[in-house]
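These notes are about the structure you will find just below.
The values are calculated or read from the model by the stated rules, or taken from the named source; none is laboratory data. Predicted model, so just to flag it, every value in this text is computed and none were measured. We place every Cβ from the backbone using ideal geometry, glycine too, and count neighbours over all the protein chains shown.
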Ligand SMILES: Nc1ncnc2c1ncn2[C@@H]1O[C@H](COP(=O)(O)OP(=O)(O)O)[C@@H](O)[C@H]1O
Ligand SMILES: [Mg+2]
């Protein structure tokens, strides 16, 4: 699989909406598709991407060491044992996000795109001017929200702050299985922004995390697979609903057609 768009920033107006969870899940999907993936935890001081993959004990170096030129990116990253092709770079617990030099980020991102097919930036919440500058070096932005008004409004606001030329996508996380209120539905309709998918509320996600299987949830992967394709332009719109239970439907996904490993992809995740 080849892709032009390789650096994806995962953003949100508000914190705690699922950026890290979704960054980790997307990373697993791309890695399972055979792409070399790096996820960078940019949430300075609030490091937690490592926990998604249970590699917290392997961290010797972090983002600050790379940015400060203490050692090359390739020596600071951690491979994720359960997911060949997937590596992460831990965030710094000490360095302050606003103290980062954008030039250092640019240099690091150039190295990252030399080494990896897909680079996912798991960003801090909000619209720090430095973050907005960094996002402009990216190929796509994925904005994450909950389906509730404060979160939706913050997506709207963030959207207005991003460059017009940057491809922007929006995903609703923790979509309830219960029916949304009329007010919520109206608001969702009003957001003039391409929704590229939704991820359901997964009540037992924490239990999966506790069992070292955080990303093995069937519903989670079913939701993320089409989103992952949209983000790298493998499928332009999400108009058609694809049933991932149906092999014929799956064959309609351009990537799945040429990629006979769909069953292997599913088999990789024991709980499918
Ligand atoms: N779809 C989901 N269903 C259930 N819990 C979720 C879902 N997405 C995220 N969470 C939980 O929400 C919390 C915050 O998620 P996280 O990814 O850390 O958010 P952020 O990176 O935006 O701060 C975590 O405890 C995570 O397990
Ligand atoms: Mg996070």
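Set side by side, the residues 91, 6 differ, and just one is in contact (Cβ under 8 Å) with a residue 40 or more places away in the chain, within 16 Å of ligand 1 (Cβ to nearest atom) and under 20 Å from the mean Cα position of the chain (by Cα), which is 91. Inclusion of residue 131 among residues that are at pLDDT 95 or above and either under 12 Å from residue 42 (Cβ atoms) or surrounded by fewer than 22 Cβ atoms within 10 Å (Cβ to Cβ) (or both) is not warranted. The condition (being surrounded by fewer than 20 Cβ atoms within 10 Å (Cβ to Cβ) and within 24 Å of residue 207 (Cα to Cα)) is satisfied by just one residue among 25, 45, 57: 57. State whether one or more residues within the range 17-38 are free of Cβ contacts under 8 Å to residues at least 60 places away in the same chain, within 17 Å of residue 77 (Cα to Cα), more than 11 Å from the chain's Cα centre (by Cα) and within 13 Å of ligand 2 (Cβ to nearest atom). Taking every residue of the range 17-38 in turn, none turns out to be free of Cβ contacts under 8 Å to residues at least 60 places away in the same chain, within 17 Å of residue 77 (Cα to Cα), more than 11 Å from the chain's Cα centre (by Cα) and within 13 Å of ligand 2 (Cβ to nearest atom).
A single member of 60, 26, 46 is touching a strand residue (DSSP E or B) at 6+ places or on another chain (Cβ under 7 Å) and over 14 Å from residue 81 (Cα atoms), and it is 26. Which residue out of 26, 46, 51 is part of a helix (DSSP H, G or I), within 16 Å of ligand 1 (Cβ to nearest atom) and at pLDDT below 90? One residue alone meets the criteria, 51. The condition of being more than 16 Å from the chain's Cα centre (by Cα), part of a helix (DSSP H, G or I), more than 16 Å from ligand 2 (Cβ to nearest atom) and more than 19 Å from residue 134 (Cβ to Cβ) holds for only one of 74, 64, that being 74. On inspection, residue 101 fails the criterion of being within 16 Å of ligand 1 (Cβ to nearest atom), surrounded by fewer than 15 Cβ atoms within 10 Å (Cβ to Cβ) and either without any contact (Cβ under 8 Å) to a residue 12 or more places away in the chain or at negative phi (or both). One residue alone among 151, 145 is within 16 Å of ligand 2 (Cβ to nearest atom), over 22 Å from residue 33 (Cα atoms) and modelled with pLDDT of 85 or more, and that residue is 145.
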